[in-house]
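The values are calculated or read from the model by the stated rules, or taken from the named source; none is laboratory data. Remember, predicted model here, so these are calculated numbers, not experimental data. Here Cβ is always computed from backbone atoms with ideal geometry, including for glycine, and neighbour counts include all displayed protein chains.
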Amino acid sequence: MDRPLATRMRPRNFKEFVGHQHLLGEGKPLTKLIDGGHLPSIILWGPPGTGKTTLAHLLSVAVGADFQQLSAVSSGVSDARRVMDHSKTTLFRTVLFVDEVHRWNKAQQEILLPAIEDGSITLIGATTENPYHSLVSPLLSRCLLLRLEPLESDEIRGLLEIAVLDAERGMGALGVTLTDDALDHLVELAAGDARAALTALEAAVLLADAGETVIDGSRVADAVQKRLVAYDRGENHFDVVSAFIKSMRGSDPDASLFWLGRMIHAGEDPRFIVRRMVIFASEDVGLADPQALSVAVAAAHALEHVGMPEARLNLAEAALYLARAPKSNSVIDALEKAMVDADSTDPVPPHLRDSHYAGAAKLGHGEGYRYPHDFETHFVEQEYRPERFEGLVYFEPSGQGAEVDVEPGTGVALEEDARDD
C-alpha cells in the first residue's frame with residue numbers, strides 16, 4: 001500500500017476503464033480497430049486525470065505490443081532513438097507512449113516521423129494542450145487524434161465507491177465509509193479528474209483520527225482545503241479567454257466578471273487579459289463608443305503602474321465598461337475590406353503625391369489637389385484613391401451608439417432618409 005491510491009486503482013482492463021464511451025463504446029471506431037488487431041499512431045488529448053496513460057497501456061495490451069514509455073519532461077532525442085533501435089530487435093510491435101508529448105520541441109517531435117512512417121513503432125502521445133497549438137503538423141498528420149473529456153460526476157462517484165470497498169487495492173481493508181455529503185464534496189472537488197478524486201479521498205482517510213471510520217464532508221474539506229481549478233496554459237487558457245470575450249461581446253457584465261475572475265484566480269497573466277480587452281475595444285465596440293478604447297488602454301496603464309492584486313479592480317472596471325458598451329464590428333469589417341484592395345500596386349494619383357520638394361511641381365505632383373481648408377466648410381469633394389477604387393465603400397456605420405453617419409465637413413449626423421440617398 002506504499003503506492004498512491006490513484007496508482008493502485010488504475011484500471012487493469014477495458015471493463016474497469018470508466019468513461020469515454022464515444023471512443024470505446026460498442027461499435028465505435030477505436031473499438032473496431034483494436035478488435036481487428038489494428039492500432040494506428042494516436043494522440044490522446046484531454047485534461048489531467050481522464051485516463052490517457054491507462055488507455056495507452058490497455059490499447060497496447062489489446063494488440064499484444066511491446067510497450068515502451070517515455071516522459072517528454074525528462075527524455076529527449078537519445079531516448080527516442082533507443083526505443084526506435086529496440087523496435088528493430090523485437091518480433092513484437094513496439095508501442096512508444098510519450099507522456100506530455102507537447103513538451104518536446106519541434107526537432108524532438110520530428111525525430112519520430114520516419115519510424116512512424118515505416119511502421120517500426122506505433123506512437124501514442126498524451127497531451128493536456130491543444131495539439132494544433134503544440135505539435136508539429138507532420139506528426140499530427142500521421143496520427144489519429146482522440147479527444148478525452150472530463151469524466152462525468154456519476155463516473156467519478158462510481159470510482160470513489162469502488163475504491164472505498166476494494167480490499168485488495170483500495171480502502172476496503174480499513175473499513176471506512178463515506179457519507180453522502182463527503183461523496184458529493186469529492187465529486188465536486190475532482191471536476192472530472194479521477195486522479196484528483198482518488199487523491200483527495202486518500203488524504204481524507206489518512207487524516208482521519210484513530211478509530212474514525214466514517215468520513216464526512218467536513219473531513220474531506222479539512223483534507224483538501226479548496227477546489228482544484230481546472231485551468232492550464234493549453235486548452236483551458238484559450239477556452240476561458242474565448243468565453244470571456246464572447247461574454248463581453250454578448251453584453252453580459254456578470255458572465256464577463258465570472259470568466260475574468262476565473263482567469264485571475266487561476267493565475268493567468270493579467271497583461272494577456274488586458275491586451276485582449278484593448279483589442280476587443282476596437283474590434284467589438286469600435287466607434288459605437290470611442291471611449292471604450294480609452295478605458296481599455298487606461299486599464300493597461302493602470303496594470304503597469306499599480307500591479308496585481310490591486311489592478312484586478314481596474315481590469316474589472318474595464319471589463320464591465322466593455323460589456324455594457326454598445327457594440328459594433330464595423331471597424332474590423334471596414335479594415336478587412338480595405339486590406340483586400342490595398343494589396344495592389346496602383347500608383348498614388350498625381351494630385352495626392354508629395355509636392356514639398358524642389359522639382360516636384362515639374363513632375364506634376366500635387367497638381368489638381370484641392371486643399372480642404374480653403375473651403376468654407378473645410379471640406380471639398382475629391383478622390384483620394386487610385387481611379388479603379390473610386391466610390392468603393394468600406395466603412396458602413398452600424399447606427400449603434402455613437403456610430404452614425406455624418407455629413408462630410410460638418411460632423412452632423414445624417415437623418416435616416418439622407419443616409420439612404
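Of note:
- G158 surrounded by fewer than 19 Cβ atoms within 10 Å (Cβ to Cβ) and assigned to a loop (DSSP other than H, G, I, E, B): no
Results for (1) in a helix (DSSP H, G or I); (2) hydroxyl-bearing (S, T, Y); (3) loosely packed, with under 13 Cβ neighbours inside 10 Å, shown as yes or no for each residue.
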| residue | (1), (2), (3) |
| --- | --- |
| A173 | yes, no, yes |
| A197 | yes, no, no |
| A200 | yes, no, no |
| A203 | yes, no, no |
| D209 | no, no, yes |
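- Considering only residues in segment 26-55 that are small (G, A, S) and within 23 Å of A191 (Cα to Cα), the one that is nearest to the chain's Cα centre (by Cα) turns out to be G46.
- The condition (being under 24 Å from R169 (Cβ atoms) and either among the charged types (D, E, K, R) or surrounded by fewer than 20 Cβ atoms within 10 Å (Cβ to Cβ) (or both)) is satisfied by just one residue among F92, F14: F14.
- Applying the condition of being in a loop (DSSP other than H, G, I, E, B) and of a type in the set (A, V, I, L, M, F, W, C) to segment 17-47 and asking which residue is surrounded by the most Cβ atoms within 10 Å (Cβ to Cβ) yields L39.
- Looking at S256, S247, just one residue is more than 15 Å from the chain's Cα centre (by Cα), modelled with pLDDT of 95 or more and over 21 Å from M308 (Cβ atoms), and that residue is S247.
- Test result for G76, modelled with pLDDT under 90, touching a helix residue (DSSP H, G or I) at 6+ places or on another chain (Cβ under 7 Å) and surrounded by fewer than 19 Cβ atoms within 10 Å (Cβ to Cβ): yes
- Qualifying residue in segment 131-138 (condition: touching a Gly at 6+ places or on another chain (Cβ under 9 Å), outside the structural domain of H57 (by TED's automatic domain parsing), touching a residue at least 24 places away in the same chain (Cβ under 8 Å) and among the polar types (S, T, N, Q)): no
- Candidate set from segment 331-379 (those that are touching a helix residue (DSSP H, G or I) at 6+ places or on another chain (Cβ under 6 Å) and in a helix (DSSP H, G or I)); member that is modelled with the lowest pLDDT: D341
- Count - residues of segment 203-220 that are among the small types (G, A, S) and either modelled with pLDDT under 80 or more than 37 Å from the chain's Cα centre (by Cα) (or both): 3
- The number of residues in segment 283-303 being under 25 Å from the mean Cα position of the chain (by Cα) and either more than 24 Å from S398 (Cβ to Cβ) or surrounded by fewer than 17 Cβ atoms within 10 Å (Cβ to Cβ) (or both) comes to 4.
- Boolean, N105 is surrounded by fewer than 14 Cβ atoms within 10 Å (Cβ to Cβ), in the same structural domain as L44 (by TED's automatic domain parsing) and not aromatic (F, W, Y): yes
- All positions within segment 127-147 that are crowded, with 21+ Cβ neighbours inside 10 Å and touching a Phe, Trp or Tyr at 6+ places or on another chain (Cβ under 7 Å): T127, P131
- Of all residues in segment 115-147, those satisfying the criterion of being in a strand (DSSP E or B) and more than 24 Å from the chain's Cα centre (by Cα) are T122, L123.
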